[in-house]
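Scroll down for the structure; my scribbles are underneath it.
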Amino acid sequence: MMILNKPTKNIQTILVVILSIAFSNSYGQKIENQIQTVNSIEEANKFVQNNENMDAQVWTVAPKISSEKSDQIFENRHVGDIFYDENNTYKIIEERNKKAFQVSYIFLDETKMSLNDINNLRKKILNNFKKGVSFSDLANQYTMDSSKDGDLNWFTEGTMVKEFETAIKNHKMNDVFTIDLAKEKWYYVVLKTFQDQEVEELTILKIKS
C-alpha cells in the first residue's frame with residue numbers, strides 16, 4: 001500500500017490541474033462570448049455596472065510609456081482584440097493618439113508655508129540649480145510630497161490638472177520653470193526632462209477570470 005500512495009497523489013494532482021485548466025478555459029470562453037458585443041466605452045461601463053458579481057473595470061494604458069512590465073501584453077493590440085493572461089480577460093475598446101510628457105518637480109504646499117516663503121525658496125532652488133546642483137538632489141531636499149526624487153514619469157494629456165499640463169506644453173526639454181495652482185495652494189518648480197511624444201493610449205475592459 002505504501003508503494004501506491006505516491007503515484008495516487010500524483011494522479012490526483014494531475015487531475016486537479018487538468019480540471020482547473022478546463023474550468024478556466026470554459027470560464028474564459030464564457031466571458032469572451034459575453035463581451036463580443038461590447039464595442040464602446042459607454043457599453044463597457046454599462047457591462048461593469050450590470051455585472052457587479054464580476055471583478056470588472058474599464059481603464060486606460062499607454063504601453064509605449066508604461067513603466068509596468070505587465071503592460072507589455074498590450075503592445076500591438078487593436079480595437080476589438082480579446083486576449084488573456086493568467087488572471088484576466090481583456091478587450092480593447094478604444095485606441096487614440098495622445099501627447100505624452102515627462103517632467104521632474106518640486107512641490108511646495110502653501111498650507112505648510114507662507115506664499116512669501118515659498119517664492120523665496122523657489123528663487124533659492126532655481127539659483128542652486130543654475131549653480132549645478134542636480135534637480136533630484138534639490139527635490140530630495142525640498143519637495144513636500146512623497147516623490148523625493150521628483151520624477152513624475154511619463155503621463156498622457158488629460159491626466160493632470162489642466163493648468164499644470166498647459167504650462168508643461170508651453171516649455172521645451174531642459175526648461176526649468178514654476179507653476180502656481182493658487183486655488184489648491186500648490187506651487188511647483190518643474191524641470192522638463194524629455195521632449196513630448198505621440199503615444200497610443202488604449203481603453204480596455206478588464207475582467208478577472
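Since every read-out is calculated from the coordinates, none of them should be taken as a lab result. Source: prediction; values computed, not measured. Heads up, the Cβs are rebuilt from the backbone with ideal geometry, glycines too, and the neighbour counts pull from every protein chain shown.
The share of C-alpha pairs in the chain whose separation exceeds 24 Å stands at 59 percent. Remark on ASN88: its backbone amide H falls under 5 Å from those of SER209, a criterion applied only to residues 5 or more positions apart or on other chains, H modelled at 1.01 Å from N. Computed on the chain, with alpha-carbon pairs under 8 angstrom and 6+ residues apart, the relative contact order is 32 percent. Restricting segment 134-209 to GluC sites (Glu not before Pro) that sit in a DSSP loop and have at most 14 other Cβ atoms within 10 Å of their own Cβ leaves GLU184. Give the Debye-formula value of log10 I(q)/I(0) at each listed q (0.13, 0.18, 0.20 Å⁻¹), with one equal scatterer per alpha carbon of segment 103-193, two decimals each. Normalising to I(0) and taking log10 leaves -0.39, -0.77, -0.97.
Between helix 41-50 and the chain there is an angle of about 60 degrees, using the helix long axis and the longest principal axis of the Cα atoms.
Under the convention that each Lys and Arg Cβ holds +1 and each Asp and Glu Cβ holds -1, the size of the dipole of the chain around its Cα centre is about 500 debye. Exposed loop sites here mean trypsin sites (Lys or Arg not before Pro) with a DSSP loop assignment and at most 10 other beta-carbon atoms within 10 Å; the chain contains its longest site-free run at 1-111. Relative to the longest principal axis of the C-alpha atoms of the chain, give the angle of the C-alpha long axis of helix 2-35, reported between 0 and 90° and rounded to the nearest 10°. Around 60 degrees separate the two axes.
Applying both filters, DSSP loop and at most 13 other Cβ atoms within 10 Å, to the chymotrypsin sites (Phe, Trp or Tyr not before Pro) of segment 145-200 gives PHE194. Contact order for segment 103-193, expressed relative to its length and based on alpha carbon pairs under 8 Å spaced 6+ residues apart, stands at 42 percent.
Amide H to amide H, with H built 1.01 Å from N, ASP151 comes under 5 Å of TYR105, counting only residues 5 or more places away or on other chains. Here the mean projected area of the convex hull built on the C-alpha positions of segment 170-209 is 5.6 nm². Contact order, relative form, for segment 136-186: 22 percent (alpha carbon pairs under 8 Å, 6 or more residues apart, mean separation divided by residue count). The distance from the alpha carbon centre of segment 59-94 to that of segment 34-54 is 17 Å, rounded to a whole number.
Please sort by residue number the GluC sites (Glu not before Pro) in segment 30-129 whose DSSP state is loop and whose Cβ has at most 10 other Cβ atoms within 10 Å. Hits after loop and neighbour filter: GLU52, GLU68, GLU86. What the Cα convex hull of segment 54-169 gives, in volume per residue, is 163 Å³.
For the chain, the 222 nm mean residue ellipticity estimated from helices alone, with every DSSP H stretch of n ≥ 4 adding -39500 (n - 2.57) and the total spread over all residues, rounds to -12000 deg cm²/dmol.
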